[in-house]
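As structure tokens, the structure follows; a few thoughts come after it.
The values are calculated or read from the model by the stated rules, or taken from the named source; none is laboratory data. Only a predicted model underlies this, so the values are computations on that prediction, with no experimental measurement involved. When we count neighbours, we look across all protein chains shown, and the Cβ atoms used for this are built from the backbone with ideal geometry, even at glycine. For accessibility, only protein heavy atoms count, side chains too; no ligands or nucleic acids. Shrake-Rupley method; radii C 1.70, N 1.55, O 1.52, S 1.80 Å.
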4 protein chains.
Amino acid sequence: MSNITIDTGFDSGSIEVMTVHQASAMLRLKNDHQSEFKQWFHFRVANTGGRELVIKIVGLNDSAYPAGWPDYNACVSEDRAFWGRAPSTFDKDEEGGTLTIRFTPTCDLVWFAYFAPFSMERHHDLVAECASTEGVTYRKLGETLDGQPLDCLEMGEGETQVWLYGRQHPGESMAEWWMEGALEVLGNPADTLGRALREKCRFHVVPNCNPDGSRRGHLRTNAKGVNLNREWAEPTAENSPEVLAIRNAMDDTGVHFAMDVHGDEAIDAVFLAGFEGIPSWSDEHGERFYRYQRILERRSPDFQTAKGYPKSGPGKANLTISTNQVAERYAATAMTLEMPFKDNADYPDELQGWSPERSKLLARDCLGALLEWLESDEG
Amino acid sequence: MSNITIDTGFDSGSIEVMTVHQASAMLRLKNDHQSEFKQWFHFRVANTGGRELVIKIVGLNDSAYPAGWPDYNACVSEDRAFWGRAPSTFDKDEEGGTLTIRFTPTCDLVWFAYFAPFSMERHHDLVAECASTEGVTYRKLGETLDGQPLDCLEMGEGETQVWLYGRQHPGESMAEWWMEGALEVLGNPADTLGRALREKCRFHVVPNCNPDGSRRGHLRTNAKGVNLNREWAEPTAENSPEVLAIRNAMDDTGVHFAMDVHGDEAIDAVFLAGFEGIPSWSDEHGERFYRYQRILERRSPDFQTAKGYPKSGPGKANLTISTNQVAERYAATAMTLEMPFKDNADYPDELQGWSPERSKLLARDCLGALLEWLESDEG
Amino acid sequence: MSNITIDTGFDSGSIEVMTVHQASAMLRLKNDHQSEFKQWFHFRVANTGGRELVIKIVGLNDSAYPAGWPDYNACVSEDRAFWGRAPSTFDKDEEGGTLTIRFTPTCDLVWFAYFAPFSMERHHDLVAECASTEGVTYRKLGETLDGQPLDCLEMGEGETQVWLYGRQHPGESMAEWWMEGALEVLGNPADTLGRALREKCRFHVVPNCNPDGSRRGHLRTNAKGVNLNREWAEPTAENSPEVLAIRNAMDDTGVHFAMDVHGDEAIDAVFLAGFEGIPSWSDEHGERFYRYQRILERRSPDFQTAKGYPKSGPGKANLTISTNQVAERYAATAMTLEMPFKDNADYPDELQGWSPERSKLLARDCLGALLEWLESDEG
Amino acid sequence: MSNITIDTGFDSGSIEVMTVHQASAMLRLKNDHQSEFKQWFHFRVANTGGRELVIKIVGLNDSAYPAGWPDYNACVSEDRAFWGRAPSTFDKDEEGGTLTIRFTPTCDLVWFAYFAPFSMERHHDLVAECASTEGVTYRKLGETLDGQPLDCLEMGEGETQVWLYGRQHPGESMAEWWMEGALEVLGNPADTLGRALREKCRFHVVPNCNPDGSRRGHLRTNAKGVNLNREWAEPTAENSPEVLAIRNAMDDTGVHFAMDVHGDEAIDAVFLAGFEGIPSWSDEHGERFYRYQRILERRSPDFQTAKGYPKSGPGKANLTISTNQVAERYAATAMTLEMPFKDNADYPDELQGWSPERSKLLARDCLGALLEWLESDEG
Ligand SMILES: [Ca+2]
Ligand SMILES: [Ca+2]
Ligand SMILES: [Ca+2]
Ligand SMILES: [Ca+2]
């Protein structure tokens, strides 16, 4: 039978084909444009003929997060709607670090990705649906270097200014699945959680902070190869118009509570990172974040605090990072939410690993925790 | 234009037509078969011709819960999928107590009900879907007097025996909407809340304890006019085979946690009732329930504890009621969940009032509270 | 493992259990109430435990259509939405004629039926959806002996009076699937076929002429055991109020074209029966029907003319049958459409046999043929 | 209130903004890349604030088809799923030809397009779903200049080689809606029309011959500004790899029946164009096409023969056009199907005009006509 073919000519498609033989292929990652980062992949395999595919992605020791590959299983879909996992193994000593994916599809076509993609078309469907909900206002914050709009959805009549934003790192597509889940809660008139939050807060939701990187199939950067989450101290129209637009809008509204939604390549858990080490740090300020963290831990079986990032020492916070900048600049309860590319090791799901479905449900838990945090604060 | 026509010849249909003139009708409630209870209604109006309907239901001072009518708005649907509310007013001095419903439908047909119906066909769809989920076992507990099966769905590998059952009072259809919401959590392999609960518990879910009353359009009783929630002390095959079957199955498994799901006609709130006054009462036993209640209050904006039923005095508990019997018989943390027919006055929804959608979301919150209760108990 | 259990306590449920042993059961058909007809069955098997079920329905030589069982495969569903076929064999010499159904379900519950059921709840959903379509009028023609409404949907601004009605024989549920397909064409504003027909015709659609028989699980009769398709000469309020109501409404409108939709138990083909032998027969009248038949044969791969019923000789038509009565009474182009319970032998479908899906698509072809018939008549 | 904003940074987005003032905008079309053609537009308007939008597209006398603008109403959508029409007027004397679109959206965001877009994401969903159907084979014919795959779906076991292909002109998105309709028939195991055709034919379906032009928002050309439907005589890898790949694949299979699906900017009707004037013309060959055309006219209310293109004189056929080349090269019954951008004037639909829904239904009629054509040929 003839060779499989491999394509990437679609939204967020990315891989480089080295060799193909029959149903086997040797591939390598592509760098983000004008950047050294590489980790994301998204490609289609055709002409499978029902054979077992053996896909090797090599050279991974040079990827952005080599620790992301052990215990990682590639995402796979035949219908582009349900994303499962294909059993994968990592050998750091093979061809400079090789992930070997084995999968026997039931049909001629199959899609693989680092995580279930969230396309710009789906983004626009989400924005359109949300904007058509009563009480929701659309606001265009700005434009990207590739000429895409930077979309923000706003709702709620309360005093507390809440900013939810995600996918600064475009390959962390779970962030936009999370946003879809959050917007379903906030836009559903029959959901009392959404209604209660809209009474107390004004929400500003940016489902995708980096549309260019998303469409181009980048892991961490925008059209110019810039890591947006290192631009919050001094964003520029030339290099980081996305951050500049968001930060300007935040300057207008002020920020009381902010969640910047991400994915983590290596750690097999959901966790939060706070803003330890900012110049204006106070224990009272920090406690507001810790209290939220404790509430979320109590509420969500997918959330934990044992695993996570080390905290910055006093005065050592990197203010180019969004959470630190936002906490410092607005005295906000700011935080970074990290979801795994792999799975939550406490409740592993062999079929799907961490998934779009779980990302969406986690958003509901995060919003439930926000309401409990707001209410207990009043008491 | 000609008179509207009114029909009840379908699942849970019930009303009696006194007079019809043009687009106006005078109706009265029907008693449950062999019973004095009456409160439920469900009828279809045809030939509306786009006119404003003026529907009067009279004689309501003799209904089971006269306090149910002030501030109540009738449920209405044109597509039998979305149930809104039709503005309604109650005058206790008009014709022995009259609810006047005014509604201008957009089409020739419109359905009215005391609450959004949950038909036996939908019941079977729910049971079929749930039974086809991996890890779920179907168990037929028994048969009703009308020859319908009493369906139970079981899942989970844990030690804690949890019984969730509802709609002993068949007109309280919100109970089965709640069950649909609960089964969606428990049966969804991508929902970590369901997975965590299935690890800790063995669930026994009876979505509808009273299929005969449901199909017949009863408020509170089964095919023989028996109020099942007064049969738990001495259920009989003749009068209450439903309770007998469930209680026998509980005797087999034992019960650690039990929630009996209901609707309340008068109180505009969601609340729990416990088992105060049972012979074996201990504060430690009671505290298990109160602790659950506090957790749920913290988690769910639709739940509160200010409004509710008075507690029985020491030794005064009525052991014919399920919650008391189950708490006494199995030393279970047993409780009755009550949802409003009207609305939650704390978060009123003009469009839908209390609704199927909210009942389903509340189920998720109740299960989230159960997990938190189980986990905090361990700590 | 324990015995399977068998239930029929739901819409159109019908079977009698003789014996059950493990995963095997011996069953027999139930007569229609107050009637000798028996052929329909619809039951649920629980507690399958993944075992191969061996279901025997015995005594079939006494059923209404013994010729219906050879080459028949029972309909089966696990989700009550998709209905496939379970391999079945008929032995006329075993226990007075036995159909043996073998099926290994993937879950604990499985439904079997003579044909994919169309419940009264689905009927009401269909009526509600159609009635909410712009330009559609609902008309209640009358009421059944069990108190159900006889529903008629009307649409179109043309001169040609078209009556489409089905399920006089309630066990012929394919007739109502056909109606659902027809109403989707006629009610879809984006479907030019529907729009063209509505310009030329006034449609009167009775999706279910026999709701009582449907709900009771009858094959051929109403609540009183009366075969409605033998009542068209002299329908009475006592025995056949359904026919009386429809015929009265036809008297009001007149009838130019009528299709009475049925299922045939024995013949493995789709065919039409006309009105040969009516007193007023003329070849010109007959040719109108034959012309329609030729057009449909040309258009629809599922329709044929080789197999079918013998034609009545001159003057021998049975005027108690709807098609004959309607042709005679209104000089209408009247016809009976028959779909198979088995399959269309020309295009057999091992998975589903004749199916709801095909019944719906056939309706579209029948309406396409009607437009072509009307247009070619004008030319 | 502030100005509306206008965006095109998405799949098939195209317009140029000249001025914006409040809720009014003056726009002009963009040329296809490296081409003089311009006619397609697709843009999003934000910040509408519920105001009446007045959108003027000027300079249209220089567009590819100036006759396309009189009686044309722009397509509009708020949810990106349902596409209606916004009342539009054309004044050839205003600003070099101006289309004025007036529309009052119900929400903050609204999309306008020349015709309902069919995105590449939807294309991949369609390809994935179809490829997962039993009996369907995916075949990658080649690759575009922008690196997108050229997708072909194949099915059927018959001798007759049928090629269905569309969207050589990428702005004629109705062509791909037609393809979606055709693939639903051909891939549906319950559709006897599809099954009958698969018995007689081998289908080769290319839903989108010009992915690059589609994604770029072109009207008529590929990434290099080449009109593919003028490349069939001598396609080249440099300029028209799409045509080269398709024609090579046709050379492999031969072609008996071919339909090239298009949209027409000016004519308000559905029609076919044949291959008059090809060198090898014979009346018998031509009659095969005319016979198909007559069958389709008889079957489809949306199809007609009064309006259409003039026929080429003997020997005057342009062999660079697909239909002529395919008819000549393979002695195929080849044809071009044209659907309107405006509406079918015989059955105008004020709400939607010609629409995706109608394009899909037309595909079913075309396939029904193909079966009748094949069957009557045999007789
Ligand atoms: Ca990250
Ligand atoms: Ca109650
Ligand atoms: Ca029959
Ligand atoms: Ca064209």
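Of B:Ser77, B:Ser280, B:Ser322, the residue with the greatest mean-square motion in the GNM of chain B, using alpha carbon springs below 10 Å, is B:Ser280. Over the C-alpha atoms of the stretch B:199-243, the Rg to Rh ratio, Rh being the Kirkwood estimate, stands at 1.08. Counting, for every residue in C:21-30, the Cβ atoms of other protein chains within 10 Å of its Cβ and taking the mean gives 0. Under the combined filter of DSSP loop state and at most 11 neighbouring Cβ atoms within 10 Å, the stretch C:93-184 retains these GluC sites (Glu not before Pro): C:Glu134, C:Glu157, C:Glu159. Any chance you could tell me what percent of the C-alpha pair distances in chain B go past 38 Å? Percent of Cα pairs beyond 38 Å in chain B: 17. Amide H contacts of A:Ala74 (H built 1.01 Å from N, in plane; Pro and chain starts excluded): A:Ala86, A:Ser88 sit under 5 Å, all sequence-distant by 5 or more or on other chains. Between C:Glu94 and B:Leu145, the modelled labels are 4.1 nm apart [label points 7 Å from Cα along Cα→Cβ]. Roughly speaking, what is the centre-to-centre gap between the stretch D:8-78 and the stretch A:185-219 when only Cα atoms are used, to the nearest Å? Answer, in whole Å: 30.
Note on chain B: GNM, Cα springs under 10 Å; of B:Lys307, B:Lys360, B:Lys56, the largest mean-square fluctuation is that of B:Lys307. Label points for B:Gly313 are taken 7 Å from Cα along Cα→Cβ. From this copy to the others they lie 6.9, 9.3, 11.3 nm apart, shortest first.
The phi-based Karplus calculation (6.51 cos²θ - 1.76 cosθ + 1.60; θ = phi - 60°) puts the 3J(HN,Hα) values of the stretch D:267-281 at 7, 8, 6, 9, 8, 10, 10, x, 10, 4, x, 6, x, 8, 3 Hz, whole numbers, x for Gly and Pro. Under the criterion of Cα pairs below 8 Å and six or more residues apart, the relative contact order for the stretch A:1-150 equals 21 percent.
Distance to the B-onto-A rotation axis is smallest for one chain B Cβ; residue and value in angstrom are B:Arg299, 3.
Taking Cα pairs under 8 Å and at least six residues apart, what relative contact order does chain C come out at, in percent? Worked out over chain C, it gives 16 percent. Here is how far apart the A:Glu52 label points are across copies: 3.0, 6.9, 7.4 nm, shortest first, using a point 7 Å from Cα toward Cβ. Mean residue ellipticity at 222 nm, helices only, chain A: -8500 deg cm²/dmol; runs of at least 4 DSSP H residues each add -39,500 (n - 2.57), and the sum is divided by the number of residues. With a ≥ b ≥ c taken as the square roots of the eigenvalues of the C-alpha gyration tensor of the stretch A:163-249, please select rounded if a/c is under 1.5 and otherwise prolate if a/b is larger than b/c or oblate if it is not? Note, shape of the stretch A:163-249 comes out oblate. Computed 3J(HN,Hα) for the stretch D:143-158, one whole-Hz value per residue from the Karplus formula 6.51 cos²θ - 1.76 cosθ + 1.60 where θ = phi - 60°, is 9, 8, 5, 7, x, 8, x, 9, 8, 9, 10, 10, 6, x, 10, x, glycine and proline marked x. Label point of D:Glu199 set 7 angstrom out along Cα-Cβ; within the stretch C:349-364, amide nitrogens under 13 Å from it belong to C:349-350. A simple spin-label model places the labels of B:Arg102 and D:Arg230 6.8 nm from each other, with each point 7 Å out along Cα-to-Cβ. Roughly how many whole Å is it from the C-alpha centroid of the stretch D:223-262 to that of the stretch D:329-350? So the two Cα centres are separated by 20 Å.
Comment: the Cα-to-Cβ extended label point of C:Ser280, at 7 Å, lies 5.9, 8.1, 9.2 nm from its counterparts in the other copies, nearest first.
The A and B chains share an interface that buries close to 2100 Å² of accessible area, total over both sides, probe 1.4 Å.
Between B:Phe341, B:Phe103, B:Phe203, the GNM of chain B built on Cα springs shorter than 10 angstrom shows B:Phe103 fluctuating the most.
Is the shape of the stretch D:286-328 rounded, prolate or oblate, going by the alpha carbon gyration tensor and its root eigenvalues a ≥ b ≥ c, with a/c under 1.5 for rounded and a/b larger than b/c for prolate? It comes out prolate by the Cα gyration axes. Residue by residue along C:107-114, Cβ atoms of other protein chains within 10 Å of the local Cβ number 5 on average.
Label sites at C:Ala237 and D:His33, each approximated as a point 7 angstrom past Cα along Cα to Cβ, lie 7.8 nm apart.
Would you give the gap between the C-alpha center of the stretch D:276-317 and the C-alpha center of the stretch B:125-147, rounded to a whole Å? Spelled out, the Cα-based centre of one part sits 61 Å from the other.
If one computes P(r) from the Cα atoms of the protein assembly as shown, what percent of pairs lie at distances over 62 Å? Everything past 62 Å amounts to 17 percent. Let's test the formula: R0 of 22 Å, r as the Cβ-Cβ distance of C:Asn188 and D:Asp346. What FRET efficiency results, to the nearest 0.05? About 0.80, to the nearest 0.05.
A:His123 sits among other residues whose Cβ lies under 10 Å from its own Cβ, and their net charge, with Lys and Arg +1 and Asp and Glu -1, is -3. Among residues other than C:Pro340 with Cβ under 9 Å from its Cβ, the summed charge is -4 (Lys and Arg +1, Asp and Glu -1). Based on the alpha-carbon gyration tensor of the stretch B:1-134 and its eigenvalue square roots a ≥ b ≥ c, which shape applies: rounded if a/c is under 1.5, prolate if not and a/b is larger than b/c, or oblate? Oblate, since a/c reaches 1.5 and b/c is not below a/b. Computed about the Cα centre, the dipole magnitude for chain A is approximately 440 debye when only Lys and Arg (+1) and Asp and Glu (-1) carry charge, each at its Cβ. For the stretch D:270-379, a crude dipole built from +1 on the beta carbon of Lys and Arg and -1 on the beta carbon of Asp and Glu, taken about the Cα centre, is about 280 debye to the nearest 20.
Shielding value for D:4-13 is 5, the average number of Cβ atoms from other chains within 10 Å of each residue's Cβ. Positive contributions from Lys and Arg (+1) and negative ones from Asp and Glu (-1), summed over other residues with Cβ under 9 Å from the Cβ of D:Ala317, come out at -1.
Calculate, for the stretch C:135-278, the solvent-accessible area per residue in square angstrom, rolling a 1.4 angstrom probe over the heavy atoms of the protein chains. On a per-residue basis, the stretch C:135-278 sits at 23 Å². Karplus-based coupling profile of the stretch B:46-53, in residue order and whole Hz: 10, 6, 6, x, x, 7, 6, 8, with θ = phi - 60° in 6.51 cos²θ - 1.76 cosθ + 1.60 and x standing for Gly or Pro.
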